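Colleague: Before I ask anything, here is the structure I am working with.
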Amino acid sequence: MKMIPDGAAIILGAQEITGYNPYFQNNDFMYFTGVEVPYSILIINGKHKESILFYIQERQAKAENISLDLVNNPLEYTSIEKYFPLEQFSTYLLQLASRVDVFLYVL
């Protein structure tokens, strides 16, 4: 947050791999969150000194064989206090764009 005092960093989690290959989370995403849930997104907001996690919901987690404890209570597993359903990411991003000066995008 100190490195982006007037902006926000967007870090994308890995997408699920189809086929027989095992799923692995992106290294940067795993470092910042410890979350191995596919399609997750992390926003680190330097201007407001907060982190926000966007992730799949319970219905999708069941289908993906992901722990419902993680999906229903991510604060306990990640220490990230703000979390929202993945479907709310684009709306949040539009609002954030009007409040910060710089976006850093990490794949």
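Colleague: Which residue pairs have Cβ atoms under 7 Å apart, sit 6 or more places apart or on different chains, and have a first residue in the range 20-47 that is closer than 15 Å to ALA8 by Cβ and a second that is of a type outside the set (Asp, Glu) and open to solvent by 50 Å² or more (accessible area, probe 1.4 Å)?
Modeller: Cβ pairs passing all conditions: LEU42/PHE32; ILE44/MET1; GLY46/MET1; GLY46/PRO5; LYS47/PRO5; LYS47/ARG99.
Colleague: Tell me which residues, restricted to the range 89-107, are open to solvent by 90 Å² or more (accessible area, probe 1.4 Å), modelled with pLDDT of 75 or more and under 15 Å from the mean Cα position of the chain (by Cα).
Modeller: TYR105 - this is the single residue of the range 89-107 that is open to solvent by 90 Å² or more (accessible area, probe 1.4 Å), modelled with pLDDT of 75 or more and under 15 Å from the mean Cα position of the chain (by Cα).
Colleague: Same structure, new question: Can you tell me which residues in the range 21-56 are small (Gly, Ala, Ser), touching a strand residue (DSSP E or B) at 6+ places or on another chain (Cβ under 7 Å) and at pLDDT below 90?
Modeller: SER40, the sole residue that qualifies.
Colleague: Please list, ordered by residue number, the strands (runs of 3 or more DSSP E) wholly in the range 1-59 having 2 or more residues that are closer than 14 Å to PRO85 by Cα, open to solvent by less than 10 Å² (accessible area, probe 1.4 Å) and not small (Gly, Ala, Ser).
Modeller: Correct list: 41-45, 50-55.
Colleague: Which numbered condition trips up GLU76, out of (1) at pLDDT below 85; (2) part of a loop (DSSP other than H, G, I, E, B)?
Modeller: Status for GLU76: all satisfied but (2).
The values are calculated or read from the model by the stated rules, or taken from the named source; none is laboratory data. Quick caveat: nothing in here was measured; it's all calculated off a predicted structure. Here the Cβ is made from the backbone with ideal geometry for all residues, glycine too, and neighbour counts use every protein chain on show. Ligands, DNA and RNA are stripped out before the accessible areas are found, and what is left, the full protein with its side chains, is counted by its heavy atoms. Shrake-Rupley method; radii C 1.70, N 1.55, O 1.52, S 1.80 Å.
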